[in-house]
1. Just the residues that are in a loop (DSSP other than H, G, I, E, B) and surrounded by fewer than 17 Cβ atoms within 10 Å (Cβ to Cβ), please, taken from region 318-331.
2. Pairs please, first residue from region 393-408 and within 22 Å of Ile360 (Cα to Cα), second anywhere and of a type in the set (Asp, Glu) and crowded, with 22+ Cβ neighbours inside 10 Å, Cβ atoms under 7 Å, 6+ apart in sequence or on different chains.
3. Considering (1) open to solvent by less than 30 Å² (accessible area, probe 1.4 Å); (2) closer than 16 Å to Ser44 by Cβ; (3) of a type outside the set (Ser, Thr, Tyr), say which one Met302 fails and leave the rest.
4. State which residue is nearest to the chain's Cα centre (by Cα) when the search covers only region 34-73 and only residues that are of a type in the set (Asp, Glu) and assigned to a helix (DSSP H, G or I).
5. What tally of residues in region 212-226 results from selecting those that are closer than 25 Å to Ala285 by Cα and open to solvent by 50 Å² or more (accessible area, probe 1.4 Å)?
6. Please list, ordered by first then second residue, the pairs with beta carbon atoms under 6 Å, 6 or more apart or interchain, first in region 239-251 and over 11 Å from Lys282 (Cβ atoms), second part of a helix (DSSP H, G or I).
7. Against the definition (in a helix (DSSP H, G or I) and surrounded by fewer than 23 Cβ atoms within 10 Å (Cβ to Cβ)), how does Glu104 come out, yes or no?
8. I'd like to verify a number: residues in region 360-383 that are farther than 14 Å from His329 by Cβ and loosely packed, with under 14 Cβ neighbours inside 10 Å, how many?
Amino acid sequence: MYQRTGPAAYKNTLGNTLVLDELFKHPHTHFKTIHVAGTNGKGSSSHQLASVLQEAGYKVGLYTSPHLIDFRERIRVNGQLIPEADVVGFVDEFLRLNEEAAIEPSFFEMTVAMAFDFFRKSQVDIAVIEVGLGGRLDSTNIITPEVSLITNISLDHTALLGNSIAEIAEEKAGIIKTNVPVVISESNEAYNEVFQHKAEAMNTSISFADKEYQANYAMFSPEGKQIFNFHQRGELVFPDLKLDLLGNYQRHNLAGVLKTLELLQESGWAISQQAIYEGLAKVTANTGLRGRWEVVGNNPLMICDTAHNEAGLTAIVAQLKATPWKRLHIVLGMVNDKKLDDVLAILPREANYFFTQAKIPRALPAKELADKAAQAGLTGVSISSVAEAVAEAQSQATPEDLIYIGGSTFVVADYFS
């Protein structure tokens, strides 16, 4: 399982995926799909799309990764987790079918096949499929979607995807299919041409959503939602658009989501303005998404977020600076395959740190993280478990302080569990 063991679990071939697809009689051909790739924001964007489509009256599958607490979070229909009996049933069926094929699929390859099989059995109208890692060789990349959405590209998983933005973009561009329109949420001179060339080669249209849809800032409603005024090419098209996900970075994801929905409408999907408004206001209720600038406590304010690379944490640091607090406490843990020095360089120097580690083999030992952080000018203590680190932060914080919990998806998962 990649989230436990890291790069050793990654398969850079679609061989097993194609055999699994054959064994289960091509389940992905029985429903429509949207494919979502990118370095940051693909999970939030996938959940937003699923929520809107659900509000539009469609039966919606949602495949995402990784999970926080329960494996079944990865596979949902209209927000409901795949039943345990279906997980067991799929594995039993695989063991029977595999007697002759004798393949040894990875955790991720099996999970994608399970999702596609479950979505067919559930007779979904459409499924939102989040890419696991990269794109070109990802197990999800056997689908031919209605729209492909790529959120953004930054340096992450460089050992597997390439050492430059352009190389990583090439891998993500692998989801672009012939005659399937592609949306890029956030344009960037470092990778725009890569996507443009691929779209031309695939004879399809490409839209850079942030060139069309813009909301320069958000306000907060009394019930705790972000409120945006989204303009399209200068015209106000979504006034007072509420989103129940509170990260400032969501406005970048929303541009891509709105453009994707526009393209779906143009191709005949019945998605009303009301469905868009209702769906975005109820993402967490409809889809169960957690861990995106999620407020988990007050007095002191406690926030957790799954951002785990330099680009994601840069957005978090900006929002921390814009949030009032008397003293900032950060419970931080990371995995051992990230560019640690780059991340530590952007973190606030004035914060009080509690360096910790999640309960997975990939976790960077808390002591090692603390030592590296000290070299980067960050001060704090090393605590071996997330629960103990959070408890210590709470014991030191006053009601006017802010406690941030993050650095890794798995730190957030440990906090929730």
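1. Quick first cut of region 318-331, residues in a loop (DSSP other than H, G, I, E, B) only: 323-327.
Once the filter is applied, which keeps residues that are in a loop (DSSP other than H, G, I, E, B) and surrounded by fewer than 17 Cβ atoms within 10 Å (Cβ to Cβ), region 318-331 yields Thr323, Pro324, Lys326, Arg327.
2. Pairs found: Gly406/Asp305.
3. Unmet condition: (2).
4. Residues of region 34-73 of a type in the set (Asp, Glu): 55, 70, 73.
Checking which are assigned to a helix (DSSP H, G or I) leaves us with 55, 73.
Numbers: Glu55: 21, Glu73: 13 Å.
It comes out as Glu73.
5. Residues of region 212-226 that are closer than 25 Å to Ala285 by Cα, as a first pass: 215, 217-226.
Filter once more, keeping what is open to solvent by 50 Å² or more (accessible area, probe 1.4 Å): 217, 219-220, 222-223.
So the answer is 5.
6. Asn248/Gln319; Tyr249/Ala315
7. On the way: in a helix (DSSP H, G or I): no; surrounded by fewer than 23 Cβ atoms within 10 Å (Cβ to Cβ): yes.
Against the criterion (in a helix (DSSP H, G or I) and surrounded by fewer than 23 Cβ atoms within 10 Å (Cβ to Cβ)), Glu104 does not qualify.
8. 5
The values are calculated or read from the model by the stated rules, or taken from the named source; none is laboratory data. Computed from a predicted model, the values in this text were never measured in an experiment. All Cβ positions, glycine included, derive from the backbone under ideal geometry; neighbour counts span all protein chains shown. Quick note on the areas: whole protein, heavy atoms, side chains included, nothing else; ligands and nucleic acids left out. Shrake-Rupley method; radii C 1.70, N 1.55, O 1.52, S 1.80 Å.
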